Every structure is written in C-alpha cells, then in structure tokens.
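Engineer: Below is one structure. I have some questions about it.
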Amino acid sequence: MVLSGITWGALENIFIVGALILLTMLLLGYRVYRSKKSVAQLSSSRIARQFLVGFSLVKLYVKSFLFVLGMVFLLITLLHPQWNKKEEIVAQHGRDLFIALDVSRSMLAQDCLPNRLECAKAKIKSLVKKLSCERVGLVIFSGTAFIQCPLTTDYGAFFMFLDQVDVETIASGTTALDQVIQKVLGAYTTMQDRKTKLLMLLTDGEDFSSNLQRVRQRAQEQGLKIFAMGVGTEQGAPIPLVDNHGKQIGHIKDKKGSVVISHLNEGILYNVAQDSGGTYVRMTSDDADIKSIIAHVNSFEKDLLEDKRMSALQEQYHCFLVVSFVCFLLEWLW
C-alpha cells in the first residue's frame, strides 16, 4: 500500500505496531506520573528536597518524548517501508515442460468424478501451482494435437487457456499418442540449446496411433523425457453421449448396440514413459501422484530461460533504524 509517497510492504502489521506504540506510551505516561508524584512527595520535606537537585520535569518530558519517538521509528520498520524504484535484470533458470491433455470422448467417462477430463484439469492446476520456476505449455490432443498455450511462466494465462478446454475443442473423438509426441518434438526443434526437454501426458491410455513406435524412437533420440499420468480406472466406465447443449442423452454404443466401456490402459503409458527415461504414475485422489511427478521433474537440469527486467522498490527500513538509534542515543545522553 502506498501512503505519503512510501510503499508499505507489510501493512498487515499495522495493528501490532499500533498496539506496541500505544503500550509504550501508556507505560511511559505511567512512569512520568509516578515520577511527578514522587517529586511532589519529596518537595514537601525540606530534608528530602536535597535529593531533587538537578531534577527537571522538562528533562523528564524530553527524555520520554525521545524514547517514544525512537520506539515509533523502530516499530515502523516492521511495516517494511519502501521507495526508490530500481530496475534489475534477473536471470531466470528453470525447465520447459509441455503438459499434454487428452480431450477425446473417452475422457468424459465418469469413473472419477465429475469425469476424467475435469479430474485431469484439476491435477494440472495442482501440479503447476507447485512448480518452482518452470515454463509450462499446454498441448491438447485426441486424433490430432495442437499447442493451446505456448511455453510461458505466466501461470495465470496458462490457467485461462486450460479452463477453455473441453472435448469439443478438437473434432476427432479418438486418441493418437503419436500425434502429441510429434507436436512437442516439433516445438523443441526450435530450441536446440535446451538441455532438458519434458512432456507430461494426462490420458486414459486408449490409443489409435498408426506410427507410435517410430515416434517413440525419435523421442529417445532427441532426449525428450515423457511423464505419463493415467486417468481413469481399470474397471472403466461407459462414455456419455451428449447433445449440442452438453446434456447427456445416453452412452456411446458399438456397432452391435452394446454400451462401450472405456478402460484405463496403463501398459502403453508405462512403456512410453519408461522408454524415454521418464516415469508413469496413476492418478490418485490425493497429491501423491503430483509429488512423484515434481520429484522427477526436479531431478533434471535447469536451463537459462530468459533474462527478465524487473522493477522493484528498495527496502528503506534502515533509514528508520538510524533515526530510532539517534533518538535512543539522545535520550541516554540527555
């Protein structure tokens, strides 16, 4: 908060500071009162008046004022006074992490509530909030893939793009893992200086790729580390059929008229992750899966992301400490 040209970095401490200043004034007021009372009692006795030689009420008032003023300036430092804005160039180090979200129809299955897609989006938000200084990009895929949000450290913008994702974002209703891996490999070809290339897949593992084995080989050659999070259950669930208004009107059926059950396919996800030097985890109801992914991400080397110019106000508490020290010194010497 800006007040009188000074920005206060910790204005939430104002009540504590105010209470301490008030307590100091009350104690000193009581001290002055007791001193005046003692002086009055001693003044009534001719013998006791000899002990008052050199005593001055003015001196007592001045010393008390200096002490209170010193305490005020000392306590003001708790509010973190700031001014004098300076620009600094900060070198940011981190890792690039593409997060790929499956938006095929099977992600509407409700073996995790409210459905697989919404659960996966919640996991992505939890993951990104726990990252330290990584650039994240969002890729959405089903039968094809495209980059919904480029690599960025602006997590607010990333979340905005993520919130807009649903199964209608891409027309194809099937899943092709080779498409998303190729898309991410293509994005990294423009960043040849990157030591660490990371991709996280959130999908139920149903795959209709025609070229996955070759793409997996390319990922190994180019050093792309793939993390996979399995979304759904092995028992599976039917895939809802919704109308143009998003209202469920039944379930998807096969050509024989039987309801299609979508199952979590962990085998393919495990193999893709392990072949690339990454890891596979199954989505859990707590944050154990997120902690596992973050631990693996943190094990990889950081890159220099960019030099960022930042404007920052300078802490000026030392000025108030100097004034406080001078007040206490004068009070002691007086």
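The values are calculated or read from the model by the stated rules, or taken from the named source; none is laboratory data. Keep in mind it's a predicted model, so treat the numbers as computed, not measured. Please note: Cβ atoms are built from the backbone with ideal geometry, for glycine as well, and neighbour counts cover all protein chains shown. Note: accessible area is taken over every heavy atom of the protein model, side chains too, but ligands, DNA and RNA are not part of it. Shrake-Rupley method; radii C 1.70, N 1.55, O 1.52, S 1.80 Å.
Engineer: With Cβ to Cβ distances under 13 Å as the rule, what net charge do the other residues near ALA219 carry (K, R +1; D, E -1)?
Structural biologist: Values: positive: LYS183, LYS197, ARG214, ARG216, ARG218, LYS225; negative: ASP178, GLU221, ASP275.
Around ALA219, the charge tally is +3.
Engineer: I've got another one for you. What accessible area per residue, rounded to a whole number of Å², is obtained for the chain using a probe radius of 1.4 Å?
Structural biologist: Numbers: 18070 Å² over 334 residues.
Ligands and nucleic acids excluded, the figure is 54 Å² per residue.
Engineer: Using +1 at the Cβ of each Lys and Arg and -1 at the Cβ of each Asp and Glu in the chain, identify which of THR190, LEU26, THR144 lies farthest towards the dipole's positive end.
Structural biologist: In the chain, that residue is LEU26.
Engineer: Let me ask something else. At LYS195 and LEU78, where each label point lies 7 Å from the Cα along Cα→Cβ, what is the point-to-point distance in nanometres?
Structural biologist: It works out to 4.5 nm between the two label points.
Engineer: Also, quick follow-up: So how much accessible area does PHE328 have, in Å² to the nearest 10, using a 1.4 Å probe?
Structural biologist: My reading of the accessible area for PHE328 is about 50 Å².
Engineer: Label ASN298 and GLU234 with points 7 Å out from Cα along Cα→Cβ: what is the distance between them in nm?
Structural biologist: 3.1
Engineer: Using a 1.4 Å probe on the protein heavy atoms, what percent of the accessible area of the chain belongs to carbon and sulfur? Don't skip to the end; give the middle numbers.
Structural biologist: Details: 10530 of 18070 Å².
Accessible surface attributable to carbon and sulfur in the chain totals 58 percent.
Engineer: How far is the Cα center of segment 92-162 from the Cα center of segment 192-235, in Å?
Structural biologist: After rounding, the separation between the Cα centres reads 14 Å.
Engineer: A follow-up question, please. Please build a GNM for the chain, connecting alpha carbons under 10 Å apart, and tell me which residue among ARG105, ARG31, ARG214 fluctuates the most.
Structural biologist: Result for the chain, Cα springs under 10 Å: ARG31 fluctuates most.
Engineer: Let me ask you something else. I'm spelling it out carefully: the read-out is Kirkwood radius over Cα pairs in Å, the candidates are (i) 20.6; (ii) 22.2; (iii) 25.2, and one was derived from this structure. Which label?
Structural biologist: Here the calculated entry is (iii).
Engineer: I would also like to ask the following. Of LYS130/LYS195; LYS85/LYS302; LYS85/LYS129, which pairs sit farther than 26 Å apart, going by alpha carbon to alpha carbon? Numbers along the way, then the final one.
Structural biologist: Working: LYS130/LYS195 22 Å; LYS85/LYS302 30 Å; LYS85/LYS129 29 Å.
Beyond 26 Å between Cα atoms: LYS85/LYS302; LYS85/LYS129.
Engineer: Between VAL128, VAL281, VAL323, where does the largest GNM mean-square fluctuation fall for the chain, given springs only between Cα atoms within less than 10 Å?
Structural biologist: Per the Cα network of the chain with a 10 Å cutoff, VAL323 tops the list.
Engineer: For a quick check, take a GNM of the chain with Cα springs below 10 Å and name the residue from VAL17, VAL136, VAL58 with the largest mean-square fluctuation.
Structural biologist: Answer for the Gaussian network model of the chain: VAL58.
Engineer: Rounded to the nearest 0.05, what FRET efficiency do GLU12 and SER35 give with R0 = 41 Å and r taken as the Cβ-Cβ distance? Could you check?
Structural biologist: On the way: r = 37 Å, r/R0 = 0.90.
Efficiency for this residue pair is about 0.65.
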